[in-house]
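Q: My structure is below; once you've seen it, I'll send some questions.
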Amino acid sequence: LPDGVNISKEARSAISRAASVFVLYATSCANNFAMKGKRKTLNAGDVLSAMEEMEFQRFMVPLKESLEVYRREQKGKKEARKDKDKKADSEEQDKSREEDNDDEDERMEEEEQNDEEEVDN
Amino acid sequence: PGPARLARLPLARVKALVKADPDVALASQEAVFVLARATELFVETIAKDAFVYAQQGKRKTLQRKDLDNAIEAIDEFAFLE
């Protein structure tokens, strides 16, 4: 919004609620695509398909661009982690074992990095 | 649309909403990210569209009724009714 424009409390709250409804609706829509593809895991493609379904095609280009940036960042992080692990291995064995466990927990909490993999509940 | 960038909305918040859906088993990190980014774009869009009504009313403050008007007038926002 342009400078000098204010948003009333009620308007703010309404936008916030609308955003939540948007997420819930988009999730449900995306999930339909995942189920059609016989997958149990929602992936980025499902969300993009949901946007099209919801008539928000205008979001497609900026979303795809953002996804590219995100993927590059994640790749960078992964490589930094690999380097950290390599370094830890060359140090004490016990210490590196502990670090490996931490990495595993982190990965599980973040759920999947790889869209193709599926994990059964 | 703004430049390609990462989401400013907290991903944890979006993830919580995704998990609230009983039909969803699991969602990839990327999916949560794209959802967050899409939600930002949605907020930008609805605010801009609602603001048109504020301008018509010669106001500089966006009000609830501006949002109601935008939601009623625009097809894409029908799911909010």
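The values are calculated or read from the model by the stated rules, or taken from the named source; none is laboratory data. Note that this is a predicted model, so its numbers are computed, not measured. Cβ placement follows ideal geometry from the backbone for every residue including glycine, while neighbour counts extend to all protein chains displayed. Heads up: the accessible areas ignore ligands, DNA and RNA and are worked out on the full protein's heavy atoms, side chains in. Shrake-Rupley method; radii C 1.70, N 1.55, O 1.52, S 1.80 Å.
Q: In segment A:15-34, what count of residues is obtained for those that are closer than 14 Å to B:ALA27 by Cα, more than 8 Å from chain B (Cβ to nearest Cβ) and open to solvent by 20 Å² or more (accessible area, probe 1.4 Å)?
A: Here the count works out to 2.
Q: Here's a follow-up. Which one of the conditions (1) among the aromatic types (Phe, Trp, Tyr); (2) crowded, with 19+ Cβ neighbours inside 10 Å; (3) in contact (Cβ under 8 Å) with a residue 12 or more places away in the chain does B:TYR53 fail to meet, given that it meets all the rest?
A: Status for B:TYR53: all satisfied but (2).
Q: Which of the residues belonging to segment A:35-52 are within 8 Å of chain B (Cβ to nearest Cβ) and open to solvent by less than 10 Å² (accessible area, probe 1.4 Å)?
A: A:THR41, A:LEU42, A:ALA44, A:ASP46, A:VAL47, A:MET51
Q: A further question on this structure: Regarding B:LEU11, is this residue modelled with pLDDT under 95 and under 17 Å from A:ALA44 (Cα atoms)?
A: Criteria met by B:LEU11.
Q: Now for a separate question. Where residues in segment B:47-70 are under 15 Å from A:ARG17 (Cβ atoms), in contact with an Asp or Glu (Cβ under 8 Å, 6 or more places away or on another chain) and hydrophobic (A, V, I, L, M, F, W, C), which of them is farthest from the other protein chains (Cβ to nearest Cβ)?
A: Among residues in segment B:47-70 that are under 15 Å from A:ARG17 (Cβ atoms), in contact with an Asp or Glu (Cβ under 8 Å, 6 or more places away or on another chain) and hydrophobic (A, V, I, L, M, F, W, C), the one farthest from the other protein chains (Cβ to nearest Cβ) is B:ALA70.
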